[in-house]
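J.: Sharing a structure below in structure tokens format, with a few things to ask.
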Amino acid sequence: MNQIEAARKKILTPELEEVAKAENLPIYKLQRDLAAGYTVILKQKQSRRKAVGLGRNLKVKINANLGTSPYCANLELELEKLKAAQKAGADTLMDLSTGGDIEQTRKAILSASSIPVGTVPIYEVIVAQPDVAAIKDTDFIAAIQKHIEEGVDFITVHAGLRRRHIPFLKKRIMGVVSRGGSFLVKWMLYHNAENPLYTHFDQILELAAKYDVVLSLGDGLRPGCLSDATDRAQLAELAELGRLQRRALRAGVQVMIEGPGHVPLQQIAYNIRLQKKLCHGAPFYVLGPLVTDISPGYDHIAGAIGGALAAFYGADFLCYLTPKEHLGLPNLEDVIEGVIASRLAAHAADLARGQQQAWEEDRRMAEARSQLDWPKMFSLALDPLKAKRFREEFLHDSQEICSMCGQFCSAKANRDMRELYL
């Protein structure tokens, strides 16, 4: 019995109880939303990793991407990134490896991670055989089965990208920016056939239901620049994803929807609301979205700006971006910067959505600042080590004030006034 089946029969599972406790949410509400498809729990049957909930009434979560490339296939480095991402507060990880021994990398990440792990099985097909002429439709399904049986908690499946959507790309500047999506378009054009992930979708559902793997329905036609945002190609695929989401729920499969991409600020609310409508309230997983195209080196900031707004309007899951987005493979420091930027976006949205745990964290920080309680401030900071390092650049830790205001510190003045007069 998987999570949806148990929820529909009002059976409590350990994973349901774990998530309800972490979210401080009545378990009956979580069970109801899980049964209806408004919420998913990331933890497949074979996994010993932490269960993480995404969706209605839950805190906004963030994902950190890891993985090798053809130019850097260092397994030890990826495992260091994994540790750093977990320590920085990532809720989930995705292994997007395309270089070196990707099976060995995936298995090592699955073994080392204490939080849910996702993959994009189509990469396995591409790396093994880059020539589309030699790839059969069943090769894609074999890769999906392999990843699921190895123990991943969620997989990206670009099943909503249909052959009839391809002509819509002619007006785009950036075309298809999704790696998986671009390869599927190439495969469909060469073989003059429909997307094999769509034609074999029922088989994918059987595998996902058996192992309780969450399907992340990928946005293969997400916009790669602001000029392509919210166009006919993106929206046609989104409508298809909504239809596939209903099929998945009928099959007892947990499902979330992936979204854009590059989207200008004024279009974010419309994108989120449309997704929730077309995909029947399913959890929404967004990449950023980036609110400008001119931020190379600072895309983690552009993505955090868009992510905060998207989450405020209803996105449930933010995929981080690092300063290296569009430029290269991130290093250890880039991963940390990306996680913290996305955590800031998620936390800001949680505050705006009235999440009480988030408000309590900020209140504790305000109280610590008012008392110049530096150890407590550091403990509450998203990045305690960086905060402590910045404060100590000019002053010894034993000094009460910081080097910005020194003796003119308003917090110290306020505290003195309270002690004397209030």
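The values are calculated or read from the model by the stated rules, or taken from the named source; none is laboratory data. Owing to the predicted nature of the structure, the values given are computational and were not obtained by experimental measurement. Here the Cβ positions follow ideal geometry from the backbone for every residue, glycine too, while neighbour counts run over all protein chains shown.
J.: Considering each residue of the stretch 311-330, count those that are more than 15 Å from the chain's Cα centre (by Cα) and touching a residue at least 60 places away in the same chain (Cβ under 8 Å), and give that number.
T.: Residues meeting the conditions: 2.
J.: Okay, next question. Give me the residue from the stretch 364-385 that is among the charged types (D, E, K, R) and closer than 24 Å to S342 by Cα and, out of that set, surrounded by the most Cβ atoms within 10 Å (Cβ to Cβ).
T.: Looking at residues that are among the charged types (D, E, K, R) and closer than 24 Å to S342 by Cα, I get D383.
J.: What is the number of the single condition among (1) surrounded by 16 or more Cβ atoms within 10 Å (Cβ to Cβ); (2) free of Cβ contacts under 8 Å to residues at least 60 places away in the same chain; (3) of a type outside the set (V, I, T); (4) farther than 27 Å from P296 by Cα that L238 does not meet?
T.: All conditions are met except number (2).
J.: What about G224, is it in a loop (DSSP other than H, G, I, E, B), surrounded by fewer than 22 Cβ atoms within 10 Å (Cβ to Cβ), touching a residue at least 24 places away in the same chain (Cβ under 8 Å) and small (G, A, S)? If you could, list the steps in order and put the result at the bottom.
T.: Working: in a loop (DSSP other than H, G, I, E, B): yes; surrounded by fewer than 22 Cβ atoms within 10 Å (Cβ to Cβ): yes; touching a residue at least 24 places away in the same chain (Cβ under 8 Å): yes; small (G, A, S): yes.
Here the answer is yes, as G224 does meet what is asked.
J.: Return the pair list, or none, for Cβ contacts closer than 9 Å from residues in the stretch 360-377 that are closer than 14 Å to K388 by Cβ to residues that are among the small types (G, A, S) and buried (at least 16 other Cβ atoms within 10 Å of the Cβ), at least 6 apart or on different chains.
T.: Close Cβ pairs satisfying both conditions: W374/A368; P375/A368; K376/A368; M377/A368; M377/A387.
J.: Being of a type in the set (V, I, T) and under 14 Å from the mean Cα position of the chain (by Cα) is the filter here; which residues of the stretch 54-83 pass it?
T.: Within the stretch 54-83, V60, I62 meet the criteria.
J.: Pick out, from the stretch 18-136, the helices (runs of 4 or more DSSP H) lying fully within it that include 1 or more residues that are among the basic types (K, R) and either at pLDDT 95 or above or surrounded by fewer than 22 Cβ atoms within 10 Å (Cβ to Cβ) (or both).
T.: Working: elements: 27-36, 75-88, 102-112, 122-128.
Hits in the stretch 18-136: 27-36, 75-88, 102-112.
J.: Condition first: among the aromatic types (F, W, Y), buried (at least 24 other Cβ atoms within 10 Å of the Cβ) and in a loop (DSSP other than H, G, I, E, B). Can you find one or more residues in the stretch 282-296 that meet it?
T.: No, the stretch 282-296 contains no residue that is among the aromatic types (F, W, Y), buried (at least 24 other Cβ atoms within 10 Å of the Cβ) and in a loop (DSSP other than H, G, I, E, B).
J.: Considering only the stretch 312-337, state which residues are aromatic (F, W, Y) and in contact with a Gly (Cβ under 8 Å, 6 or more places away or on another chain).
T.: If the condition is that a residue be aromatic (F, W, Y) and in contact with a Gly (Cβ under 8 Å, 6 or more places away or on another chain), then Y320 is the only one that fits.
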